[in-house]
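Presented below is the structure to which this report refers.
No lab work stands behind these numbers, since they all come straight from the coordinates. This one's a predicted model, so the numbers in the text were calculated from it and none came from an experiment. Don't worry about glycine lacking a Cβ; one is built from the backbone with ideal geometry, like all the others, and counts go over all protein chains shown.
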Amino acid sequence: MAWSARFASLIVVVAAAGGCTSVSSNYNDDIADVSNGRLTVCHGFDCRNQTTLTFSADEQQRLGALFAKSLDAAAERQSIAEAVQIFENATTSRLGVADKPKSDLSQTGQHGQMDCIDESTNTRTFLRYLQSSGLVKHHEVQTNVTRGVLFDGRYFHATAVIRDKGGQRWAVDSWYEPAGGAPDVMRLQEWLGRGTLGRR
């Protein structure tokens, strides 16, 4: 088999294994503007669809109570993981559609379905909201990070990132679970080393 054919086969295999299906051509910092308390939720892949979300009083109360017990960075990361689940359930309620785990090309453009660009952008937007609201105190929200260049056996993938006061960066990746599922929160260096053939 020619090298080009092998490479094409690898792309198909990796994509079929559940890799992210787009690049961040529609991502920009304006999507992450949370100064008015209104969050923009990306969906339909590559942020092609955008829906405004404002938390209800009950949702705000639940978030506040969750972070009130976060006395150190480790506890705060656990609270962040639980808060992302609250956020995604709120998103599902507004969109009227539950996002499926991972993504594939057949879902492109579908209302409420999200690839890793939508997921990582939404998570970063939400984390900035938590930070601006004073709920996150032990971490700072960073720019999103990507991994995978195909020829290394890994499809393109993106994650939101936070950094603790000791300088350690952590991935907050909600793409692998359906809407409302627990996100992966792990050291960014560990996250960067994962994802071969689309595996978690």
Would you mind computing Rg(Cα) / (2.2 N^0.38 Å) for region 75-200, counting N as its residues? 1.03
If neighbour count is taken as other Cβ atoms inside 10 Å, put His138, His43, His111 in order from fewest to most. His111, His138, His43
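Return Leu150, Leu188 ranked ascending by Cβ neighbour count within 10 Å, so the fewest neighbours appear first. Before the final figure, lay out the partial values.
On the way: Leu150 14, Leu188 20.
Listing Leu150, Leu188 from fewest to most nearby Cβ atoms yields Leu150, Leu188.
For Val97, Val84, Val161, Val185, what's the fewest-to-most ordering of other Cβ within 10 Å of each Cβ?
Values: Val97 15, Val84 26, Val161 23, Val185 19.
Final ranking by Cβ density, sparse to dense: Val97, Val185, Val161, Val84.
Taking each pair of distinct Cα atoms in region 33-83 once, what is the resulting Kirkwood hydrodynamic radius in Å?
On the way: mean 1/r = 0.0785 Å⁻¹.
Roughly 12.7 Å, rounded to one decimal.
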The ratio Rg/Rh over the Cα atoms of region 155-200, Rh being the Kirkwood inverse mean 1/r radius, stands at 0.98
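Work out, in µm²/s and without decimals, the Stokes-Einstein translational diffusion coefficient of region 54-124 at 25 °C, 0.890 mPa s, Rh from Kirkwood over C-alpha pairs. All intermediate terms of the calculation are to be shown ahead of the outcome.
On the way: Rh = 13.5 Å.
D = 181 µm²/s.
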